[in-house]
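Colleague: Just dropping this structure here.
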Amino acid sequence: MLYSTTAPVRERAPFLLPRELQERLDALAREHRVPGAQLVLDTGSQVIALHTGTADAATGAPVTADTAVPLGSLTKPYTAALVMLLADDGDLDPEDLVAEHLPELRQLPAVTIRQLLSHTGGLPTGPDSDTAGRTTPAHYLAAVCTAQDALFPPGTDFSYSNAGYVAAGRLVEEVTGMPWHEAVRTLLLEPLGTVPALLGDPAAARPVAAGHAVNTATGRVRPVRQNLAPLEAPAGALLASATDLAALGRALAGRSELLPKDVALAMRSPQPAARPGALADGWGLGPALFRQDGLLWCGHDGNAQGTSCHLRVEPDSGVVVAFTGNAGAATALWRDLAEELARLTGIRVPAAMAPVAQRATAAQSAPVALPECAGTYANGGIRYRVALEPDGSPTLSVDGDLAIPLRCYPDLSCDLVDPDTGRPEPGGRFHRDPATGAIDRVQISGRTARRIGPA
C-alpha cells in the first residue's frame, strides 16, 4: 500500500469525545459568527454527528441533523459520480471525446470526459450566473467553450471550470434521457439515503438553511440570496447536510454498494496534468486530492452565497469528515475545527492548502523579483491584471477589483498577501511557454488565465 494507515482515534470514554467536540463546535461558531454548523466524524467504527445554532437568522429556525445547506461546488463530486456510474454501466467511456456526445463542444474536439471531470480540458470557468441565466445550457456551452477561449491544449494543465460541469450535467441528460436533477435524485441521492434539495425549489421536502453574511454597517449577521443560474445546477445547486456528505464520502472510500470499489478508486486516483495549485495537491475524476502526513485524502470544498461546506475522506482507514456552515466565515471555522479534531482525536484532516511561504524549503520560499509577470491575462470574460508597484513588487487585480500584493518564488509559484495583515495566502503560479521562455499564463486559486497583453 502506497499510503500508510492514519493514526487511530485516541481511546476515550465513549461519551466524552462527542461532548468535547460539541463544545468546540459551539464555541467556534460563536467566535466566527457563523449562525449554524454541522459536523460528522466517521472513523469506520464510530460515527459522531453534531450540529449547532440557527439555520436562518431571519426566522430563527434551528439547525438540525437533517437541515440541508447550499453546497456550492460540492455539487460537482455528485455530478462526477453520476458520470462514472454511467461509464460503469457501459453507456459512455471516460476516454470518449465530449464533442461526440455534445455538439455544442465541437469547437473543442479533443477534450475527453476524463479531462472534463478533472478540470484538465482547458475550458474557461464560464460567465457569471446573471449572464448564464439568460440562455440555455447548449447555447451557454457553445458560447464559452470556443477555440479562441481555450486556455491550454487538453490534458496539459489544470483550470477549475464550472462550464466543464455544466457539460458533465449535459452528458448525464443525453445518456439517461432525464433532466440532471431527476438523474441525480434517482441514481445517486435516493440510493445514498439523501432527501433531494435544490436551490430554487419552492417546496423543499426537508428543512433548509440560508446562507449568511455580516452587515458591515451594523455588524449583524443577515441572510443572503443564492444566485445560481438553473443551467449551472450540475456545478453547484445541491443542498445537503453533513450526514448526507458523509454518505457520499463513504461511497468514495469504497464503503458503499452504490459506487463499485473500482469506480470509487478511479474517481480518487490522481489524474495527469492536474496541478490545482492553491486548491489542492491533485485532482481525481471529480474529487480533489490532499496529501497529509504521507496519506492521500480525497474530497471537495464548496462555497455558495454565504455558506462553506467541506468533505474529506481517507480511504485506507475509511475515515470520513464532513462539515457544513451557513456563513462565509465558516471557512475559517472549518480550518480551526480541523485543528481541534487533530488535538482531540489524533486525526489530522487536510483542511486547506498552505501558502508557499509555509510549505516550501527556505531556498524555495525566498521571494524573488519577477518583473516579466506584469501583464493582462484572460479566462473567458474575466480579466486578471498583474501590475508592478514603484518598488517593482507585483500586485493582482481581477476585473478591476482592489489590487492585492503578490509574492513570487523561484519556481514561479506565488502567494497572495493580505493587505491588512501582511499574511501570505495561497495564490497560484505563473507558466512559461516552453518554446519562448516567456510567461504566458497565470493560475490563481485554481483558475488559469492566458496572457493577452501588457498590464
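Colleague: Just checking, how many residues over region 279-307 are in contact with a Ser or Thr (Cβ under 8 Å, 6 or more places away or on another chain), of a type in the set (A, V, I, L, M, F, W, C) and under 21 Å from GLY155 (Cβ atoms)?
Modeller: Final tally of qualifying residues: 3.
Colleague: Against the condition open to solvent by 10 Å² or more (accessible area, probe 1.4 Å), closer than 15 Å to LEU117 by Cβ and modelled with pLDDT of 95 or more, how does LEU85 come out, does it pass?
Modeller: The answer is yes for LEU85.
Colleague: Output yes when any residue across region 49-57 is in contact with a Ser or Thr (Cβ under 7 Å, 6 or more places away or on another chain), β-branched (Val, Ile, Thr), open to solvent by less than 40 Å² (accessible area, probe 1.4 Å) and over 21 Å from LEU187 (Cα atoms), and no when none is.
Modeller: No: zero hits.
Colleague: Would you check if there is a residue in region 275-287 being closer than 11 Å to MET353 by Cα, open to solvent by 30 Å² or more (accessible area, probe 1.4 Å) and touching a residue at least 12 places away in the same chain (Cβ under 8 Å)?
Modeller: yes
Colleague: Tell me the residue from THR436, THR421 that is closer than 24 Å to PRO390 by Cβ and surrounded by fewer than 22 Cβ atoms within 10 Å (Cβ to Cβ), please.
Modeller: Matching residue, one of THR436, THR421: THR421.
Colleague: Next question, about the same structure. Quick one: which of ASP42, ASP96 is open to solvent by less than 10 Å² (accessible area, probe 1.4 Å), modelled with pLDDT of 95 or more and of a type in the set (D, E, K, R)?
Modeller: None of the other options fit; the residue is ASP42.
Colleague: Could you say which residue among ALA13, ALA27, ALA7 is within 27 Å of the chain's Cα centre (by Cα) and at pLDDT below 50?
Modeller: When all the criteria are applied, what remains is ALA7.
Colleague: For region 295-328, what are the residues that are assigned to a loop (DSSP other than H, G, I, E, B) and surrounded by fewer than 24 Cβ atoms within 10 Å (Cβ to Cβ)?
Modeller: Across region 295-328, the qualifying residues are ASN303, GLN305, PRO315, ASP316, SER317, GLY318, GLY328.
Colleague: Right, something else. What do you reckon, is ALA369 farther than 15 Å from ARG447 by Cα and open to solvent by 30 Å² or more (accessible area, probe 1.4 Å)?
Modeller: So ALA369 fits the description; yes.
Colleague: Still on this model: State whether one or more residues within region 197-219 are open to solvent by less than 60 Å² (accessible area, probe 1.4 Å), in a loop (DSSP other than H, G, I, E, B) and hydroxyl-bearing (Ser, Thr, Tyr).
Modeller: No.
Colleague: On to the next question. Restricting to region 183-207, count the residues that are without any contact (Cβ under 8 Å) to a residue 12 or more places away in the chain and touching a helix residue (DSSP H, G or I) at 6+ places or on another chain (Cβ under 8 Å).
Modeller: Of the residues in that region, 0 qualify.
Colleague: Among strands (runs of 3 or more DSSP E) lying entirely in region 329-406, which contain 2 or more residues that are in contact with a helix residue (DSSP H, G or I) (Cβ under 7 Å, 6 or more places away or on another chain)?
Modeller: 382-388
Colleague: Might you check whether a residue that is basic (Lys, Arg) and modelled with pLDDT of 95 or more occurs anywhere in region 170-185?
Modeller: Yes; the residues of region 170-185 include at least one that is basic (Lys, Arg) and modelled with pLDDT of 95 or more.
Colleague: Quick one: ARG383 ticks every box in (1) at pLDDT below 95; (2) surrounded by 15 or more Cβ atoms within 10 Å (Cβ to Cβ); (3) of a type in the set (D, E, K, R) bar one, so which box is it?
Modeller: Answer for ARG383: the failing condition is (1).
Colleague: It is to be established whether one or more residues within region 48-65 are modelled with pLDDT of 95 or more and assigned to a helix (DSSP H, G or I).
Modeller: no
Colleague: Here's something else I'd like to know. Looking at region 277-329, which of its residues are within 20 Å of GLU232 (Cα to Cα) and of a type in the set (Lys, Arg)?
Modeller: Of everything in region 277-329, nothing turns out to be within 20 Å of GLU232 (Cα to Cα) and of a type in the set (Lys, Arg).
The values are calculated or read from the model by the stated rules, or taken from the named source; none is laboratory data. Keep in mind the model is a prediction, meaning the values are calculated, not measured. Here the Cβ is made from the backbone with ideal geometry for all residues, glycine too, and neighbour counts use every protein chain on show. The accessibility values were calculated without ligands, DNA or RNA, using every heavy atom of the protein model including side chains. Shrake-Rupley method; radii C 1.70, N 1.55, O 1.52, S 1.80 Å.
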